[in-house]
Amino acid sequence: MCIRDRFGGADASLLADDHAYYLMLWRLFDKTPASMMADYAIKVRRILAEKVFKHIGEGVIFHHDVYILSGLNTSLGNGVFVNRGATIDDRGPINVGDHTMIAAGAILTTHGHILDDFSKPLPFGGRTMAPITIGSNSVVGFRSVVMPGVTIGDRVIVASNSVVTKDIPDRWVVGGAPAKKIKELVPGDYSATE
């Protein structure tokens with residue numbers, strides 16, 4: 001049986017853009033009841049992630065309602081965990097190291113708006129892009145925001161509801177809006193979680 005080209009050949013380039021179809025399937029899948037069956041849904045998202053993201057490591061887990069702008073600019077290391085309702089706005093590059101957790105509702109955004117061009121109305125002022133890098137074994141807490149151009153080091157914990165606007169070196173707990181250093185993480189010192 002031959003399948004007819006629904007675009008009549010006029011938009012053949014659309015048929016070649018597999019990425020757009022996989023991203024659309026990702027978004028549609030999360031609107032179905034099946035997306036709430038965790039074991040099944042994690043496997044489906046894993047299959048789609050292989051097609052959507054620039055690079056995806058082994059054992060990456062996505063929960064439901066993760067919003068991805070494109071995926072083409074995002075590289076995720078091994079064992080990364082992305083919880084429900086997180087947003088990955090990758091207009092610019094996003095690189096996440098191994099075994100990092102992105103908590104529910106967290107936002108990674110690589111673009112900002114140009115606010116100082118008074119010759120244009122604010123909505124038409126344009127955008128700036130800057131990459132985000134998050135090291136290995138880090139946590140971006142519940143409803144936290146990582147702003148464009150930020151580098152977060154290895155084994156950093158970003159507290160819930162924080163806004164990270166500046167680089168954070170390795171082994172720190174940070175929190176607040178804007179995020180500030182709270183405590184340095186020292187091997188064997190478990191008081192950081194108290």
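The values are calculated or read from the model by the stated rules, or taken from the named source; none is laboratory data. What you see is a predicted model, and the numbers here were worked out from it, not measured in a lab. Here the Cβ is made from the backbone with ideal geometry for all residues, glycine too, and neighbour counts use every protein chain on show. Side chains included, ligands, DNA and RNA excluded: accessible areas come from the protein's heavy atoms. Shrake-Rupley method; radii C 1.70, N 1.55, O 1.52, S 1.80 Å.
Matching the structure-derived Kirkwood radius over Cα pairs in Å against the labelled list (1) 19.0; (2) 17.4; (3) 18.1 gives the label (3). Karplus-based coupling profile of the range 29-45, in residue order and whole Hz: 4, 5, 9, 9, x, 4, 5, 8, 8, 3, 4, 5, 5, 4, 5, 5, 5, with θ = phi - 60° in 6.51 cos²θ - 1.76 cosθ + 1.60 and x standing for Gly or Pro.
If you plug the beta carbon distance of HIS55 and MET129 into 1/(1 + (r/R0)^6) with R0 = 30 Å, you get a FRET efficiency near 0.95.
Residues whose amide H comes within less than 5 Å of that of VAL139, counting only those at least five positions distant or on another chain, are MET101, VAL156, ILE157, VAL158 (H built at 1.01 Å from N in the peptide plane). Surface composition of the chain: carbon and sulfur make up 59 percent of the accessible area, probe 1.4 Å. In the context of the full set of protein chains, the chain has a per residue accessible area of 58 Å² (1.4 Å probe).
Could you sort 56-64, 134-142 so that the peptide with the highest average Cβ count within 10 Å comes first and the rest follow in order?
With the highest mean Cβ count within 10 Å placed first, the list reads 134-142, 56-64.
Close Lys pairs in the chain (alpha-carbon distance under 19 Å; sequence gap of 8 or more, or different chains): 6.
Against the 2.2 N^0.38 Å scaling, with N counting residues, where does the range 23-120 land? I'd like the Cα-based Rg ratio to two decimal places. Intermediate results must be reported in sequence, preceding the final value.
On the way: Rg = 14.5 Å, N = 98, 2.2 N^0.38 = 12.6 Å.
Ratio of Rg to 2.2 N^0.38 Å for the range 23-120: 1.15.
Applying 0.36 nm per residue to the separation of LEU122 and TYR67 and subtracting their alpha-carbon distance, the gain on full extension is 17.2 nm. Between the amide H of ASN73 and those of LYS54, distances stay under 5 Å, these residues lying 5 or more places away or on another chain, with hydrogens modeled in the peptide plane.
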